[in-house]
Amino acid sequence: PFPDPAWAAAEGAAYVPFDALLARSDIVTLHLPLTPGSHHLLNDATIARMKPGAHLVNTSRGKLIDTTALLHHLK
């Protein structure tokens, strides 16, 4: 939640908007707590913006993903 541009530059990392991350990433991993702002972070609209064939790994709480929407897109 608190980007550090100096750290990113030193590590060769780049911050990107969430939509760009979804569209470009081959693998999306979730490592965040369940809060009102992260509940169903991945829902019908955000899953639809994911790169076709991308893999999703949720190491966090289940409710970060709208399971019904995920099943719809997997089909």
message = Can you tell me which of (1) of a type outside the set (S, T, Y); (2) touching a helix residue (DSSP H, G or I) at 6+ places or on another chain (Cβ under 7 Å); (3) loosely packed, with under 13 Cβ neighbours inside 10 Å is the one V57 doesn't meet?
response = (2)
request  = Write out, first by first residue and then by second, each pair whose Cβ atoms fall under 9 Å of each other, whose residues are 6+ apart or on separate chains, and whose first residue, in region 41-53, is over 13 Å from S25 (Cβ atoms) while the second is part of a helix (DSSP H, G or I) and polar (S, T, N, Q).
outcome  = D44/T68
key: Cβ pairs under 8 Å, 6+ apart, first in region 1-26 and within 22 Å of N43 (Cβ to Cβ), second of a type outside the set (F, W, Y) and surrounded by fewer than 10 Cβ atoms within 10 Å (Cβ to Cβ)   = D26/G53
query = Considering only region 5-18, how many residues are assigned to a helix (DSSP H, G or I) and farther than 16 Å from I65 by Cα?
reply = 7
request  = Within region 27-54, track down each residue that is assigned to a strand (DSSP E or B) and surrounded by 13 or more Cβ atoms within 10 Å (Cβ to Cβ).
outcome  = V28, L30, L42
message = Restricting to region 1-26, give me the number of residues that are out of contact with any helix residue (DSSP H, G or I) (no Cβ under 9 Å at 6 or more places or on another chain) and surrounded by 13 or more Cβ atoms within 10 Å (Cβ to Cβ).
response = 3
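Pull up region 60-75, narrow it to residues that are among the β-branched types (V, I, T) and in a helix (DSSP H, G or I), then point me to the one that is most open to solvent (accessible area, probe 1.4 Å). I'd like the intermediate steps shown before the answer.
Applying the first criterion (among the β-branched types (V, I, T)) to region 60-75 yields 65, 67-68.
Now restrict to residues that are in a helix (DSSP H, G or I): 67-68.
On the way: T67: 84, T68: 107 Å².
Going through the qualifying residues, I end up with T68.
The values are calculated or read from the model by the stated rules, or taken from the named source; none is laboratory data. In this text, all values refer to a predicted model and were calculated from it rather than measured experimentally. All Cβ positions, glycine included, derive from the backbone under ideal geometry; neighbour counts span all protein chains shown. Surface accessibility is based on the protein's heavy atoms, side chains included, excluding ligands, DNA and RNA. Shrake-Rupley method; radii C 1.70, N 1.55, O 1.52, S 1.80 Å.
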